[in-house]
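Report on the structure given below.
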Amino acid sequence: MVIGRELYSQTILPSFSGFLSIIILKRIGEVMKKVAVIMGSDSDLPVVEKTINKLAEFGVPHEVHVYSAHRTPSETANFTKNAQANGFGVIIAAAGKAAHLAGAIAANTILPVIGIPIKSSTLDGLDALLSTVQMPSGIPVATVAIDGAENAALLAVSILSLEDSQLAEKLTLFRSGAAAKVLEKNRIIEEKFNFKE
Ligand code: AIR
């Protein structure tokens, strides 16, 4: 009996608590992963706020900064080079005009980078779209639509969901909620316009 209890306390118990602490540490690791939201100018904030709000809605930890690829290239590079070590899992970069921010960030990290082209010029954002999306082979930027701030957050959530089952559940719920809204709109339109004999 005594031998059995000793065996239990010396082998099974420690290995079980070790297993538990691995699970707990894994969960803490998942929770700690942050999203960096960088914008080229504070004039981009009205659009970028939609990204920030969506990340908050999903409970994703995030940091927001203004760094410009052209006006503050050193600060942009410094932040990016340390981003992975500082606990970030994804970087979202929003800029308008000659929008090189996302590409300049992607050049300095292997973290996934999501670019938001901002409509802040006389060219209606087409300049920013092309500057962000047309990356040379080898350094990718996942570019969302012009002013596609909400989708940038949802893509970041999707990436982080790969290692976080609770976040994945939230994203699945969000999708089914969105589908339910469309189906309800469809019901109302059908009811109003479809010919009834
Ligand atoms: N920008 C800032 N540095 C480099 C670029 N491309 C972008 C900003 C903003 C636009 O230039 O992201 O969309 C105009 O910035 P501002 O500060 O003049 O309003």
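In this structure, is ASN78 surrounded by fewer than 17 Cβ atoms within 10 Å (Cβ to Cβ), more than 12 Å from the ligand (Cβ to nearest atom), of a type outside the set (A, V, I, L, M, F, W, C) and not in a loop (DSSP other than H, G, I, E, B)? Yes.
Name the residues in the range 140-197 that are exposed (fewer than 10 other Cβ atoms within 10 Å of the Cβ) and aromatic (Phe, Trp, Tyr), would you? Across the range 140-197, the qualifying residues are PHE193, PHE195. Do you know which residues across the range 116-131 are more than 11 Å from the ligand (Cβ to nearest atom) and either on the phi < 0 side of the Ramachandran plot or not in a loop (DSSP other than H, G, I, E, B) (or both)? Of everything in the range 116-131, those that are more than 11 Å from the ligand (Cβ to nearest atom) and either on the phi < 0 side of the Ramachandran plot or not in a loop (DSSP other than H, G, I, E, B) (or both) turn out to be THR122, LEU123, LEU126, LEU129, LEU130. Per this entry, ASP147 is not counted among residues that are without any contact (Cβ under 8 Å) to a residue 40 or more places away in the chain, within 16 Å of the ligand (Cβ to nearest atom) and either β-branched (Val, Ile, Thr) or within 21 Å of LYS50 (Cβ to Cβ) (or both).
Cβ-Cβ distances below 8 Å connect the following pairs, each with a first residue in the range 68-96 that is farther than 27 Å from LEU126 by Cα, a second residue that is within 12 Å of the ligand (Cβ to nearest atom) and modelled with pLDDT of 95 or more, and a separation of six or more residues or different chains: PHE79/ILE38; PHE79/TYR67. Being without any contact (Cβ under 8 Å) to a residue 40 or more places away in the chain, surrounded by fewer than 16 Cβ atoms within 10 Å (Cβ to Cβ) and either of a type outside the set (Asp, Glu) or touching an Asp or Glu at 6+ places or on another chain (Cβ under 7 Å) (or both) is a condition met by no residue of the range 99-109.
If you go through the range 45-75 and keep only what is near the ligand (Cβ under 10 Å from one of its atoms) and either touching a Lys or Arg at 6+ places or on another chain (Cβ under 9 Å) or part of a loop (DSSP other than H, G, I, E, B) (or both), you end up with VAL47, TYR67, SER68, ALA69, HIS70, ARG71, THR72.
The values are calculated or read from the model by the stated rules, or taken from the named source; none is laboratory data. This is a predicted model, so every value here is computed, not measured. Using ideal geometry, Cβ is built from the backbone for each residue, glycine included, and neighbour counts are taken over all protein chains shown.
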